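Step one of this worksheet: look at the structure below.
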Amino acid sequence: MSQNLFEGTEGQMKDLLKSINAHRGEAGALMPVLHDAQTIYGYLPAEVQTVIAEELNVPLAEVYGVATFYSQFSLTPKGKHKISVCLGTACYVKGSDKILQAIEKELRISCGECTPDKKFSIESCRCVGACGLAPVMIIDGEVYGKLKPDDVAGILDKYIKD
Ligand code: FES
């Protein structure tokens, strides 16, 4: 079963429809509505994309295409603590895939997912300009470098206790 079950509230749907109504009929309505939806939900669940497509009368494929094209949009929920593992070349050759695996094992979720308690989410990224510290991961903007898989549990521990 997916870890990322969608749980929208009535209030969120009301806000989404308000945004849709404010932009309905405009030529470029999709972008501002997706922006608002991202702010309202923190990401763009498939269910929300479907509502937007139906309400704005645009194909779902177009909504999905825009949502995946722009990096400011996310299709998966984010946790309180956002973990990003660099899979750029310098980090990859130094074993960042093993770091990612260690995080996935520790949190029992896959890259791109959020823990059921919404405390952590994991994603991968490309070079963050800290190649000298490879392999690198970033948690809530803090950079951890020269990592070994065995370091992961200890680092996550302080966020688990938080
Ligand atoms: S490749 Fe990871 S920081 Fe550059």
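Which of the residues spanning region 84-103 are part of a helix (DSSP H, G or I), more than 8 Å from the ligand (Cβ to nearest atom) and in contact with a helix residue (DSSP H, G or I) (Cβ under 8 Å, 6 or more places away or on another chain)?
From region 84-103, those part of a helix (DSSP H, G or I) are 89-93, 96-103; that's our starting set.
Of the ones still in play, those that are also more than 8 Å from the ligand (Cβ to nearest atom) are 93, 97-103.
The answer is Lys98, Ile99, Gln101, Ala102, Ile103.
Give the residue that is surrounded by the fewest Cβ atoms within 10 Å (Cβ to Cβ), with candidates limited to residues of region 138-150 that are out of contact with any strand residue (DSSP E or B) (no Cβ under 7 Å at 6 or more places or on another chain) and assigned to a loop (DSSP other than H, G, I, E, B).
That would be Gly141.
Can you tell me which residue among Pro77, Pro135 is within 16 Å of the ligand (Cβ to nearest atom) and either in contact with a helix residue (DSSP H, G or I) (Cβ under 8 Å, 6 or more places away or on another chain) or not in a helix (DSSP H, G or I) (or both)?
None of the other options fit; the residue is Pro135.
Take region 44-91 and flag every residue that is buried (at least 17 other Cβ atoms within 10 Å of the Cβ), hydroxyl-bearing (Ser, Thr, Tyr) and touching a Cys at 6+ places or on another chain (Cβ under 9 Å).
Within region 44-91, Thr76, Ser84 meet the criteria.
Being among the hydrophobic types (A, V, I, L, M, F, W, C) and either in contact with a Phe, Trp or Tyr (Cβ under 7 Å, 6 or more places away or on another chain) or not assigned by TED's automatic domain parsing to the domain that holds Asp150 (or both) narrows it down to one residue among Leu107, Leu87; which is it?
After ruling out the rest, the residue left standing is Leu107.
Of the residues Ala27, Ala67, which is farther than 28 Å from Ile139 by Cα and either assigned to a loop (DSSP other than H, G, I, E, B) or within 18 Å of the chain's Cα centre (by Cα) (or both)?
Ala27
Scan region 138-162 residue by residue and report those that are touching a residue at least 24 places away in the same chain (Cβ under 8 Å) and either within 9 Å of the ligand (Cβ to nearest atom) or touching an Asp or Glu at 6+ places or on another chain (Cβ under 7 Å) (or both).
Val152, Ala153, Leu156
Within region 109-132, track down each residue that is part of a loop (DSSP other than H, G, I, E, B), more than 16 Å from the ligand (Cβ to nearest atom) and touching a helix residue (DSSP H, G or I) at 6+ places or on another chain (Cβ under 7 Å).
Of everything in region 109-132, those that are part of a loop (DSSP other than H, G, I, E, B), more than 16 Å from the ligand (Cβ to nearest atom) and touching a helix residue (DSSP H, G or I) at 6+ places or on another chain (Cβ under 7 Å) turn out to be Ser110, Thr115.
The values are calculated or read from the model by the stated rules, or taken from the named source; none is laboratory data. Because the structure is a prediction, the values reported are computed rather than measured. Note: ideal-geometry Cβ built from the backbone for every residue, glycine included; neighbour counts use all protein chains shown.
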